[in-house]
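Student: I'd like to ask you about the structure that follows.
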Amino acid sequence: MSVCSQPITCIENLPNEIFYEIFTYLEGCKLYEAFTNLNIRFQRLLNSSYVSLNIQISSFPEAILEHRCTDIIVPNKHQIISILIVNYCDNDKIFTLFTIDSSFTQLESLVLKNVNVNKTITILSNLISLLRLFSLTIHLNNNCQDLNNIYRLIFRLPVLKSFRILLKNFVKFTLMSMAFNEQYSSIEYMNIGHRCTLNNIISLLSYTPRLSYLTCEELFELLYNIPILIPITLSNLIHISIGFCNIRFEHFEIFIQKFCTQIEVLRIMTSNYFAYLNVNRWERLIQDYMPHMHQFYFQHHKFIDRWTIFLPYRLLINRSTSPFWINRRCFFDCHLDIDSRSHGQLIYSFHFSK
């Protein structure tokens with residue numbers, strides 16, 4: 001490491017590389033507002049190909065919003081690598097000032113928060129021309145009558161790797177057609193932040209053969225038979241997390257057996273179905289269909305108003321002493337969370353990590 005022969009007594013004497021590093025920690029609009037008119041050197045630094053901009057747009061006063069969009073974002077579209085739009089006031093003024101399209105040649109990450117469905121669909125329609133958009137997060141602010149249009153547009157994005165969608169309210173999600181003759185998506189990480197059936201999940205998986213990580217907020221009971229004959233290959237799917245699994249255990253077993261045999265990590269929380277507490281059934285499922293799994297986290301919640309209900313759950317721990325669980329150093333637990341009205345929430349859990 002070389003040592004400077006003279007001490008640096010002025011910030012302007014710092015090398016360019018230090019400023020490039022500093023710039024990475026600043027939001028793009030604030031960066032320009034702080035440095036753009038200082039002197040010629042900083043103006044050149046800001047225009048350098050080494051500087052990438054991370055833009056955050058929120059519900060600013062209209063004058064500030066117009067200034068940042070017109071004077072900073074639009075002239076520097078080629079330097080922007082990420083955009084976060086938070087539309088708290090449901091103000092479409094933001095979207096009249098600039099359009100996210102093919103001119104954002106370096107854009108890699110886009111986050112849309114509190115944006116209505118119609119505007120989201122319009123934005124998504126323009127994203128197909130972005131060849132560096134690897135990450136997309138969507139938080140919808142109102143009810144969506146049908147998510148199919150949004151998912152179809154998502155699956156058309158050519159290089160998308162990570163996708164997350166979150167809805168505030170319950171959504172009607174009709175069953176999508178399977179992706180037999182359609183272009184497959186490049187998505188590897190998918191986070192589904194809304195309720196859906198297992199059939200919905202399977203239809204989405206037919207579009208994402210490269211998927212490695214799947215997170216689903218809630219699965220609820222099926223209305224149709226599981227399409228077990230669908231030829232879906234998910235050789236990369238190694239991590240599944242289900243926030244609330246409200247389907248029968250036999251349906252969950254079929255899903256694992258047909259589509260998830262490469263899984264390495266499983267996290268699942270249930271509530272209504274006692275069958276999920278059958279540790280012998282879990283043992284068979286893991287041994288026969290999830291041989292690669294090395295992390296397993298299971299939790300079952302049940303609200304009770306009689307203490308006698310607690311005993312059957314407690315006795316389950318005594319049935320969990322087979323070599324299968326012992327060798328994996330599985331930890332079993334059963335406890336009560338009690339509220340002020342003497343009602344309780346029973347939480348039964350077991351997990352292992354090897």
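Student: What tally of residues in the range 252-274 results from selecting those that are out of contact with any strand residue (DSSP E or B) (no Cβ under 7 Å at 6 or more places or on another chain) and of a type in the set (Val, Ile, Thr)?
Tutor: Step one: filter the range 252-274 for residues out of contact with any strand residue (DSSP E or B) (no Cβ under 7 Å at 6 or more places or on another chain), giving 253-259, 261-262, 273-274.
Cutting the leftovers down to of a type in the set (Val, Ile, Thr) gives us 254, 256, 261.
Final tally of qualifying residues: 3.
Student: Please give the number of the condition Thr174 fails out of (1) closer than 29 Å to Glu283 by Cβ; (2) at pLDDT below 95.
Tutor: (1)
Student: Could I ask something else about it? I'd like to know if the range 211-222 contains one or more residues that are farther than 26 Å from Leu166 by Cα, touching a helix residue (DSSP H, G or I) at 6+ places or on another chain (Cβ under 9 Å) and either assigned to a strand (DSSP E or B) or at pLDDT 90 or above (or both). Write out each step before concluding.
Tutor: So the first thing to find is which residues in the range 211-222 are farther than 26 Å from Leu166 by Cα, and the list is none.
No, because not a single residue in the range 211-222 is farther than 26 Å from Leu166 by Cα, touching a helix residue (DSSP H, G or I) at 6+ places or on another chain (Cβ under 9 Å) and either assigned to a strand (DSSP E or B) or at pLDDT 90 or above (or both).
Student: What number goes with the only condition from (1) closer than 17 Å to Ser58 by Cα; (2) part of a strand (DSSP E or B) that Ile165 does not pass?
Tutor: (1)
Student: Working only within the range 301-354, note down all residues that are touching a Ser or Thr at 6+ places or on another chain (Cβ under 9 Å), at pLDDT 70 or above and in a loop (DSSP other than H, G, I, E, B).
Tutor: Scanning the range 301-354 gives Arg328, Arg329, Cys330.
Student: Then there's this: Kindly provide the set of residues from the range 189-216 that are charged (D, E, K, R) and under 11 Å from Asn246 (Cα atoms), ordered by number. Lay out the reasoning, then the answer.
Tutor: Just the residues of the range 189-216 that are charged (D, E, K, R), to begin with: 195, 210.
Result: Arg195, single match.
Student: In addition: With respect to Ile226, is the statement that it is modelled with pLDDT under 90 and either buried (at least 20 other Cβ atoms within 10 Å of the Cβ) or not acidic (Asp, Glu) (or both) true? Walk me through it before giving the result.
Tutor: Numbers: modelled with pLDDT under 90: yes; either buried (at least 20 other Cβ atoms within 10 Å of the Cβ) or not acidic (Asp, Glu) (or both): yes.
So Ile226 fits the description; yes.
Student: Cβ contacts < 9 Å: first residue assigned by TED's automatic domain parsing to the domain that holds Leu214, restricted to the range 241-256; second residue modelled with pLDDT of 95 or more and of a type in the set (Gly, Ala, Ser), any location; separation 6+ or different chain. Result?
Tutor: Pairs that qualify, where the first residue is assigned by TED's automatic domain parsing to the domain that holds Leu214 and the partner is modelled with pLDDT of 95 or more and of a type in the set (Gly, Ala, Ser): there are none.
The values are calculated or read from the model by the stated rules, or taken from the named source; none is laboratory data. Note that this is a predicted model, so its numbers are computed, not measured. With ideal geometry, Cβ positions are generated from the backbone for all residues, glycine too; neighbour counts draw on all protein chains shown.
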